[in-house]
1. If we count other beta carbons within 10 Å of each Cβ, what is the order of Arg85, Arg101, fewest first?
2. Mind listing the phi-derived Karplus ³J(HN,Hα) values for segment 88-96, rounded to whole Hz, using 6.51, -1.76 and 1.60 with θ = phi - 60°, and x for any glycine or proline?
3. Between Ala92 and Thr73, what length comes free when the chain is fully extended (0.36 nm per residue of separation minus the Cα-Cα distance, one decimal in nm)?
4. Between Ala66 and Ile40, what length comes free when the chain is fully extended (0.36 nm per residue of separation minus the Cα-Cα distance, one decimal in nm)?
5. Please rank Glu81, Glu105, fewest neighbouring Cβ atoms within 10 Å first, as an exposure proxy.
Amino acid sequence: MTVNFIISRTAHLPLAAPSTPEPESTPRVPVEAAVFAPPIKAYDNHDLCQAWSRSYGWLEGAESLALQAYIVTLRQAYLDELEFRDPAGLRAWLDSGPRPRGGPERFLHRGTGGHQLSA
């Protein structure tokens, strides 16, 4: 559901081609502690929203397609968890036309999914 919505909202955007081709061999992926996240279900809503916002910076700084793909997958997992916890809040945020770095904090309902958004 979320993926189809995002695809429909971004289908008109041009795809960026990599500036240099990726080598055929296993890509060199930098190991950064910030990229390795604890299980997403352990996050409260505040931490989940913060992780979503931080992950855009990681994506901007990713130097390989492999790392970009990993971070995109991580961001999708964040969206999936937000949708599980508060489908209406996530939908309202997506309908607002959010920026990639922006977070859905103000659209989430307190106590949804057994988690509370920190004040």
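1. Details: Arg85 22, Arg101 13.
Fewest-to-most Cβ neighbours within 10 Å comes out as Arg101, Arg85.
2. 5, x, 5, 4, 4, 5, 5, 5, 7
3. Between Ala92 and Thr73, full extension yields an extra 4.6 nm.
4. Fully extending the segment from Ala66 to Ile40 adds 7.3 nm.
5. Glu105, Glu81
Taken together, the values in this text are just the output of simple stated rules run on the coordinates, not laboratory data. What you see is a predicted model; the values in this text were computed from it and never measured. Heads up, the Cβs are rebuilt from the backbone with ideal geometry, glycines too, and the neighbour counts pull from every protein chain shown.
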